[in-house]
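A short write-up of the structure that comes next.
The values are calculated or read from the model by the stated rules, or taken from the named source; none is laboratory data. Here the structure is a predicted model, which is why all the values come from computation and not from measurement. In this analysis, Cβ positions are derived from the backbone assuming ideal geometry, glycine residues included, and neighbour counts consider all displayed protein chains. Areas reflect the complete protein model, heavy atoms only, side chains present, ligands, DNA and RNA absent. Shrake-Rupley method; radii C 1.70, N 1.55, O 1.52, S 1.80 Å.
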Amino acid sequence: MTKIIPPSDYPRLHAIVAEYLPGTEAAALDKMCADNPFAMVGYYHENECHKSELIGVCYGGAGKDGDFSLDGIAIVHPHNAQGWGGELLAFFEAQVAALGYTSVSLGSADGYVERFYLKNGYTPTELKMYVTADCDPSSAKDASLPVSYTQPEGSRLKLVFSVDNYHEIDKASLCKHYNGSDAFYVFVKKLK
């Protein structure tokens, strides 16, 4: 069953995020809970004691350009891979739409995570890749995908590529070509 996570379950939310979505700062999660409590949603499952237990989380916050950013989603093991993530995502999208947003965007991990978003109606719009700050992307000739623009980020530079056909992009070859690392897709879904 999906529902908005009540504050009484925020400790469990924090525990799931710490275990399954490392890199999320507790303070940032607390701010999302305070700013967007209706977008902090969970999947609840009845445990062996017939008590409803939070086993999945999905959350985010206001993004750039009027969209809503999905910052994390996870279903705990052994409850994952049973279709509940798709239900949780659909409930999150409904909550975001009810808040007045027209789209959801996110940066995706590789592999099955990308397939999950594709299966749930998300479209990859950009590929972002980190390189060293002294990289000159114009010097990388004959790339299969040209750089659309760059974004400086501290000691690194983020190369941004527009994505027209996700299935034709070889991310590993592109990273090798630009001597990049930490490449990820940005997915977007328009809400009805």
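Candidates in region 171-192 are the residues that are over 23 Å from Phe91 (Cα atoms) and basic (Lys, Arg); of these, the one that is nearest to the chain's Cα centre (by Cα) is Lys171. Somewhere in region 165-181, is a residue closer than 23 Å to Ser103 by Cα and in contact with a Pro (Cβ under 8 Å, 6 or more places away or on another chain)? Checking region 165-181: at least one residue is closer than 23 Å to Ser103 by Cα and in contact with a Pro (Cβ under 8 Å, 6 or more places away or on another chain).
Summed over region 33-73, residues that are of a type in the set (Gly, Ala, Ser), in a strand (DSSP E or B) and open to solvent by less than 30 Å² (accessible area, probe 1.4 Å) total 6. Residue count for region 74-90 satisfying the condition of being surrounded by fewer than 21 Cβ atoms within 10 Å (Cβ to Cβ) and in a strand (DSSP E or B): 1.
Scanning region 167-183 for residues that are under 18 Å from Ala133 (Cα atoms) and of a type outside the set (Asp, Glu) gives Leu174, Cys175, Lys176, His177, Tyr178, Asn179, Gly180, Ser181, Ala183. If you go through region 2-23 one residue at a time, how many are open to solvent by 50 Å² or more (accessible area, probe 1.4 Å) and in contact with a Gly (Cβ under 9 Å, 6 or more places away or on another chain)? The number of residues fulfilling the criteria is 4.
Examine region 18-38 for a residue that is touching a Ser or Thr at 6+ places or on another chain (Cβ under 9 Å) and either in contact (Cβ under 8 Å) with a residue 40 or more places away in the chain or not basic (Lys, Arg) (or both), and state whether such a residue exists. Reasoning before the result, please.
Step one: list which residues in region 18-38 are touching a Ser or Thr at 6+ places or on another chain (Cβ under 9 Å), which gives 18.
Keeping just the survivors that are either in contact (Cβ under 8 Å) with a residue 40 or more places away in the chain or not basic (Lys, Arg) (or both) gives 18.
Yes; the residues of region 18-38 include at least one that is touching a Ser or Thr at 6+ places or on another chain (Cβ under 9 Å) and either in contact (Cβ under 8 Å) with a residue 40 or more places away in the chain or not basic (Lys, Arg) (or both).
Where residues in region 91-115 are touching a residue at least 24 places away in the same chain (Cβ under 8 Å), outside any strand (DSSP E or B) and under 18 Å from Lys171 (Cα atoms), which of them is least open to solvent (accessible area, probe 1.4 Å)? Residue satisfying both the conditions and the ranking: Glu114.
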